[in-house]
1. Please arrange A:TYR149, A:TYR24 by accessible surface area, largest first, computed with a 1.4 Å probe and ligands excluded.
2. Solvent-accessible area per residue for segment B:5-74 at a 1.4 Å probe radius, Å²?
3. Which whole-number percent of Cα pairs in segment B:5-74 have a distance greater than 17 Å?
4. Please enumerate, by chain and number, the aspartates and glutamates with C-alpha under 17 Å from the C-alpha of B:LYS196, excluding those fewer than 8 residues away in the same chain.
5. Starting from a label point 7 Å past Cα on the Cβ side, list the distances from B:ALA234 to the same position in the other copies, nm, shortest first.
6. In nm, one decimal, shortest first: how far is the label point of B:ASP45 (7 Å from Cα along Cα to beta carbon) from the matching points in the other copies?
7. Calculated FRET efficiency, B:ALA234 and A:ASP93, Cβ-Cβ r, R0 56 Å, to nearest 0.05?
8. Starting at the first residue of segment A:45-53, write each ³J(HN,Hα) from the Karplus equation 6.51 cos²θ - 1.76 cosθ + 1.60 with θ = phi - 60°, in whole Hz, x for Gly and Pro.
Number of protein chains: 2
Amino acid sequence: MTSMTYRIGDFSQVTRLTVKTLHYYHEIGLLVPSAVEPSGYRWYDEASVARAQAIQTLKSLEFPLDEIRELLAHAQDDHDLVEAAQRRLAEVDRRLAQERAVRNLLLTLIHTEGTAMKQETTSAAWVTLDPVRVASLRYRGRYDQIGAYYSRLFRLYGRFVAGAPLALYHDPEFRDADADIEACLVLRPEGTIPEKDGAQIKVLPSQRVAQVVHQGGYDRIGEAYQRVFDFLRAEGATATTPSREVYVKGPGMILPRSTKKFVTLVQIPVN
Amino acid sequence: MTSMTYRIGDFSQVTRLTVKTLHYYHEIGLLVPSAVEPSGYRWYDEASVARAQAIQTLKSLEFPLDEIRELLAHAQDDHDLVEAAQRRLAEVDRRLAQERAVRNLLLTLIHTEGTAMKQETTSAAWVTLDPVRVASLRYRGRYDQIGAYYSRLFRLYGRFVAGAPLALYHDPEFRDADADIEACLVLRPEGTIPEKDGAQIKVLPSQRVAQVVHQGGYDRIGEAYQRVFDFLRAEGATATTPSREVYVKGPGMILPRSTKKFVTLVQIPVN
DNA sequence: CCTCAACCCTCCCCCCACCGGAGAGTCAAA
DNA sequence: TTTGACTCTCCGGTGGGGGGAGGGTTGAGG
């Protein structure tokens, strides 16, 4: 029956709790020394070691200290901790879901913005587009409804994004209402990505297009179309469908941005 | 060019930030009102709304406020946030791993202790055991090495536990060294559970056994064996193998417990 | 018995992101 | 002018300790 006692420094080494922490635990009555000398020196014994052990395990399970105190006061047996553990589990599950949501948002941001395209040309020119894999949602309606479709695509596939979002216009002429529009998110080419919630995954084929860069808000995109069709006529080429608009810089997820800084590519395919 | 301004209460409603929070953000220079009257009344404008929006998004990504301030001061574009987002992602991933570890520990505790057995008999008696599914590790050596095997089993299968751990002794007579011992964890019967890391999953068959309950430390388990063998002789039955020891109450994961409260079942099977 | 290093004590302020309340001032409508 | 709704500043508190100042205690060596 050896009854080992420790002064606070040694006890701190044994339990791997700092002296400051032990002072604090004493103050809040969580771990009271077995004896306190008139000088104020604290002494701890073997039972304190066992209690400290239990406290640390419970702390690693993220119980707050006052709950740990209650638990240790009323529980004789690990069995008595089950109810509390279940409450804690519910809490941890909530936090886990939260962290996962944060993680998804971060991944979406990183993948969306991590792949900036540099685009300096401002006059119309011939460009050969590489094939790209996209997730798309096609609808009939007006252009200004496209935001909702992008939101859906971002929620579903934001984490796989590998380029600026684009839209395909399948009508051979301009329509205000009842247009045939396809919202696309460019995805990274490798890995399998499942189709979900009505969205389609497909590869847009390589194509030769006439392209013009538009800077500024969407309300003046008409000028860009004028320039590119002028160019086509000068080159003697005939437009086909679908035409593309690539939203190189748009509203963004976080920082406010003036529409003056928006950059859009208008791409019209030929033969 | 309408320039809408809000007093703090309205701005609070628009941004869903409390007035207290807005005071605080003003104090730390994170979100400064567009104007402050001599009376001290704060006025916010549309730019403040956009900034508040960005702050909230960044806050939902768990950036600390002073980092948000730096970010907003130096970033023109979402693209400039990517590096910070990657740092944050690493942090979130660490926390996620941590939370998952906590969750596993909680599940193990719940499943281990959630299935307490009530066992009151103390004299030897006949008992028919139901079949049980177990995860087991069989080894040759000494009894006091069994703890390490249970640790491994708990790490692998703690979350599926549905009863007290038990040991099987395959030797027909007592051996000190080089004994043939099998450490078993009782698992819940439903669901498939994979074999991992050398452990075996199997079902112990139903069996008729002579059983005695032992209370106290393992150093006096010999008395229990004496009682049960006396009982067998009195009944005229012959022991076979393997015999079982069920550790109904042992050291536990968290709370310290005196060995006086340990409860072990000794079960000797007959043909 | 003295000295010295190591150890220990209490007391106070600090961290983060606010919340609550007291007591006083301000603004617009009735 | 009164009322009532807003708003202000200031102070103190949260949880789980950390950092450091300023001073007391202990035990071993000389």
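The values are calculated or read from the model by the stated rules, or taken from the named source; none is laboratory data. Predicted model only: the values in this text are computed from it and were never measured. We place every Cβ from the backbone using ideal geometry, glycine too, and count neighbours over all the protein chains shown. Only protein heavy atoms, including side chains, enter the accessible area calculation; ligands, DNA and RNA are left aside. Shrake-Rupley method; radii C 1.70, N 1.55, O 1.52, S 1.80 Å.
1. Numbers: A:TYR149 60, A:TYR24 110 Å².
Heavy-atom accessible area, descending, gives A:TYR24, A:TYR149.
2. Details: 3850 Å² over 70 residues.
The answer is 55 Å² per residue.
3. Working: 856 of 2415 pairs.
That fraction is 35 percent.
4. Partners within reach: B:GLU182.
5. 11.2
6. In ascending order, 7.2 nm.
7. 0.55
8. 10, 4, 4, 4, 4, 4, 5, 4, 4
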